[in-house]
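A.B. asks: Quick one: structure below, then a few questions.
The values are calculated or read from the model by the stated rules, or taken from the named source; none is laboratory data. All values reported here derive from a predicted model rather than from experimental measurement. All Cβ positions, glycine included, derive from the backbone under ideal geometry; neighbour counts span all protein chains shown.
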Amino acid sequence: MMSAYRIALLLLVTVFATEAFAAGYPERPIRMIVPFPPGGGTDILARMVANGLSETNGWQFVIDNRPGAGGNIGVELAAKAVPDGYTIAMGQTSNLAVNPNLYSSLPYDSLKDLTPVTLVSSMPIAIMVWTKAPYATLGELITAAKAKPNSLTLASTGHGTIGHLSGELLQRVAGVKFIHVPYKGAAQAFPDLLGGRLAVFHASVETALPQIQAGTIRALAVTAVKRVLALPGVPTVAESGYHGVEASTWFGLVVPARTPAPIVAHLSAATARVLSKPDMRERLVSAGEEVKIGPEAFAALLRGELAKWGMVVKEAGIRVE
């Protein structure tokens with residue numbers, strides 16, 4: 001049986017070994033898995049972070065786009081990678097917090113198979129209508145929905161997306177029922193919204209901004225804790241009288257579980273320095289929410305989001321096989 005002295009010595013050697021490993025990290029290019037196609041929002045954000053880390057630290061990255069199954073394919077690849085710090089992934093709300101509740105089975109566990117590094121960005125949902133629609137406020141929309149149950153349509157960018165689930169959450173809180181219309185993306189939904197064929201559309205503030213600025217749509221509210229800098233005149237859902245409808249599409253870096261703690265801390269600190277640069281802060285915070293940096297904050301958010309969206313998915317009876 002190993003003595004307490006030998007156990008302590010072994011632990012001490014392990015700590016020094018991992019710290020020494022972190023000190024020389026990275027010694028080769030890092031693979032950043034993006035679970036979505038090139039050119040999309042997740043891909044653009046991942047490349048921004050990778051470029052920032054390259055410029056600040058001289059690190060090299062290989063972007064590996066692995067789309068499919070709502071992001072599950074790329075996240076599974078990251079979860080099963082060697083935990084040496086040379087594989088990281090840009091995860092997000094759907095594949096880390098929603099899909100584990102939405103799919104009957106997943107080849108990974110967000111809490112057991114992955115280690116959070118840090119949040120990168122958080123984009124709330126804009127609840128928007130056509131500018132010619134007869135609703136000037138969220139309250140007016142809810143009143144109309146109550147007057148004609150199951151008659152107004154609520155669009156999202158897909159079944160089980162945060163736009164869809166935030167709509168389900170709003171209906172539960174406000175005591176109304178919309179007809180959900182899932183689209184493949186915002187590009188497909190906007191023509192129907194602008195043509196008056198949809199009552200309301202839930203999509204990220206970033207997606208909605210160009211149309212709002214062009215004056216073609218009106219944002220009734222945002223699903224954020226406080227108002228968004230890019231839309232200072234748009235109230236939150238809570239300010240509109242409906243509490244508990246906070247929802248965001250957030251993005252964060254994850255690594256395989258059992259990646260050495262010094263490596264995780266090193267990655268987190270380096271990313272925090274990149275995100276604190278004025279140009280990055282202006283770009284990310286103006287259309288979204290200020291995020292808390294660090295593995296602990298990300299882990300706490302992930303646990304909370306898994307529970308929250310699990311409840312919404314269960315109560316709404318949403319499943320994807």
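A.B. asks: Quick one: which residue in 230, 189, 203 is part of a loop (DSSP other than H, G, I, E, B) and touching a Ser or Thr at 6+ places or on another chain (Cβ under 7 Å)?
C.D. replies: Criteria check complete, one pass: 230.
A.B. asks: Next up: Taking interchain pairs and intrachain pairs at least six residues apart, which have beta carbon atoms under 6 angstrom, with the first residue in the stretch 166-187 and within 17 Å of residue 241 (Cα to Cα) and the second assigned to a helix (DSSP H, G or I)?
C.D. replies: Sorted first by the residue in the stretch 166-187, then by its partner, the pairs are 168/312; 168/316; 169/312; 174/142; 176/142; 176/145; 176/146.
A.B. asks: Now for a separate question. Take the stretch 299-310 and flag every residue that is loosely packed, with under 13 Cβ neighbours inside 10 Å and closer than 11 Å to residue 98 by Cα.
C.D. replies: 307
A.B. asks: Could you tell me whether residue 62 is surrounded by 15 or more Cβ atoms within 10 Å (Cβ to Cβ), touching a strand residue (DSSP E or B) at 6+ places or on another chain (Cβ under 8 Å) and either modelled with pLDDT of 95 or more or among the aliphatic types (A, V, I, L, M) (or both)? Spell out the reasoning first.
C.D. replies: Values: surrounded by 15 or more Cβ atoms within 10 Å (Cβ to Cβ): no; touching a strand residue (DSSP E or B) at 6+ places or on another chain (Cβ under 8 Å): yes; either modelled with pLDDT of 95 or more or among the aliphatic types (A, V, I, L, M) (or both): yes.
The answer is no for residue 62.
A.B. asks: Hey, among the residues in the stretch 277-298 that are exposed (fewer than 14 other Cβ atoms within 10 Å of the Cβ) and assigned to a helix (DSSP H, G or I), which one's modelled with the highest pLDDT?
C.D. replies: If we take residues in the stretch 277-298 being exposed (fewer than 14 other Cβ atoms within 10 Å of the Cβ) and assigned to a helix (DSSP H, G or I), then 296 is modelled with the highest pLDDT.
A.B. asks: Return the pairs, sorted by first residue and then second, in which the second residue is aromatic (Phe, Trp, Tyr), the first residue lies in the stretch 82-109 and is touching a residue at least 40 places away in the same chain (Cβ under 8 Å), the beta carbons are less than 7 Å apart, and the residues are 6+ apart or on different chains.
C.D. replies: Hits for this filter: 85/25; 90/251; 92/250; 92/251; 93/250; 97/309; 98/309; 101/309.
A.B. asks: Determine which single condition residue 246 fails, assuming it passes every other condition in (1) closer than 24 Å to residue 172 by Cβ; (2) in a helix (DSSP H, G or I); (3) among the charged types (D, E, K, R).
C.D. replies: Here residue 246 meets the rest and fails (2).
A.B. asks: Collect the residues in the stretch 110-128 that are surrounded by fewer than 22 Cβ atoms within 10 Å (Cβ to Cβ) and more than 17 Å from the chain's Cα centre (by Cα), keeping them in residue-number order.
C.D. replies: Within the stretch 110-128, 112, 113 meet the criteria.
A.B. asks: Next question, about the same structure. Taking the stretch 1-47, which residues are aliphatic (A, V, I, L, M), modelled with pLDDT of 95 or more and either part of a loop (DSSP other than H, G, I, E, B) or under 17 Å from the mean Cα position of the chain (by Cα) (or both)? Can you show your working first?
C.D. replies: Step one: list which residues in the stretch 1-47 are aliphatic (A, V, I, L, M), which gives 1-2, 4, 7-13, 15, 17, 20, 22-23, 30, 32-34, 44-46.
Still in the running and modelled with pLDDT of 95 or more: 30, 32-34, 46.
32, 33, 34, 46 - these are the residues of the stretch 1-47 that are aliphatic (A, V, I, L, M), modelled with pLDDT of 95 or more and either part of a loop (DSSP other than H, G, I, E, B) or under 17 Å from the mean Cα position of the chain (by Cα) (or both).
A.B. asks: Pick out the one residue from 133, 145 that is surrounded by fewer than 23 Cβ atoms within 10 Å (Cβ to Cβ), assigned by TED's automatic domain parsing to the domain that holds residue 195, more than 18 Å from residue 306 (Cα to Cα) and at pLDDT 95 or above.
C.D. replies: 133
A.B. asks: Are any of the residues in the stretch 159-169 at pLDDT below 95, buried (at least 18 other Cβ atoms within 10 Å of the Cβ) and polar (S, T, N, Q)?
C.D. replies: yes
A.B. asks: Within the set of pairs 6 or more residues apart or between chains, which connect a residue that is farther than 16 Å from residue 44 by Cβ inside the stretch 281-299 to a residue that is surrounded by fewer than 16 Cβ atoms within 10 Å (Cβ to Cβ) and among the acidic types (Asp, Glu) with Cβ atoms less than 9 Å apart?
C.D. replies: If the second residue must be surrounded by fewer than 16 Cβ atoms within 10 Å (Cβ to Cβ) and among the acidic types (Asp, Glu), the pairs left are 281/290.
A.B. asks: When you go through 107, 67, 83 one by one, which is the residue that is in contact with a Ser or Thr (Cβ under 6 Å, 6 or more places away or on another chain) and either at negative phi or not assigned by TED's automatic domain parsing to the domain that holds residue 204 (or both)?
C.D. replies: 83
A.B. asks: Taking the criterion of being β-branched (Val, Ile, Thr) and over 23 Å from residue 310 (Cα atoms), would at least one residue in the stretch 52-62 satisfy it?
C.D. replies: yes
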